[in-house]
Amino acid sequence: MQSFSGLFKKDFLMARFWSLVWMLCMICAIIASFGFAHYTGESMALFGALVTILVFHSLFCPLMMLAQLRLEGKTQLWLYNPNNSALLLLSKLVSAAVYQLISHAVLFIFGLIVRSVLLSSSDNMFSVLDLLLVNIAVFLGSVIFSTWVMFLWTIYEALRKYPAIKKIRWIIPLLIYNVYGLIEALFIKSGLFQKLQKFWGISLTAEFKFHYEHSGWTVTFSQVDLPGILLVYYAVLGVCLFYLSCKLLTRRVEV
């Protein structure tokens, strides 16, 4: 536990600069959206900004992980670290996740303000619970995507010992990701998945459509059902990717 605490502090401090840059950019975007909404008289600009920032948050954790892993790859200090690979990778993932949670807290407050502004001009407005669940879903999706970044990076590093493909080894992780994505898409379209997703679902007011009428924009919301089986699937996938990443990194260190 003490070893993890030390690694976490190191990675947390290492990620601080770019996390602060992200926060500053997000706050500037929020302020700009208020200015634009006031100037144009279109309160929908606030909702557009909220959705856009939420989408970008799906990349927060993966980008932070990639930045930290690239730094480790350049310095090669992890080759001489006495801690096991699971602690090395987990500390980076947790530090990135903590910064994203802080960012989501700011975004959630912005979402509450947007909701109060749109209450009088929208049908079937999303609830506070919907807003919270969407933020949680984006956060979890970002963490799962981070395990993909971790796994593909360890494959890339493992291929370093083959000089013949050193300059093109990035193609192999890219192929693995795309082939798996194709297999996953086929599975989701299969009859088996259609049956599985009926067992458990979570209803969210998350689908929306913009309408322009009477010289102004309005937005209508409707419910979508998030299959619970997807949560289980991606949780298992994340654990498997993390495990494989640890195994690959351990073998790389041993070599």
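All of the numbers you see were taken from the coordinates with simple rules; none came from a lab. The shown structure was predicted, so the numbers you read here are calculated from the model rather than taken from an experiment. When we count neighbours, we look across all protein chains shown, and the Cβ atoms used for this are built from the backbone with ideal geometry, even at glycine.
R0 = 30 Å: FRET efficiency of Tyr39 with Ser116, Cβ-based, nearest 0.05? Please report the intermediate quantities before stating the final value.
Working: r = 20 Å, r/R0 = 0.67.
Using R0 = 30 Å, I get an efficiency of 0.90.
Convex hull of alpha carbon positions in the range 136-190: directionally averaged projected area 4.5 nm².
Taking amide H positions as modeled 1.01 Å from N, with prolines and chain starts lacking one, the residues under 5 Å from Ile202 and 5 or more places away or on another chain are Leu226, Gly228.
Would you mind ranking Thr147, Thr52 so that the residue whose beta carbon has the fewest other beta carbons within 10 Å leads the list?
Taking fewest neighbouring Cβ atoms as first place, the list is Thr52, Thr147.
In terms of packing, defined here as the mean over residues of other Cβ atoms within 10 angstrom, the peptides 130-139, 175-184 line up highest first as 130-139, 175-184.
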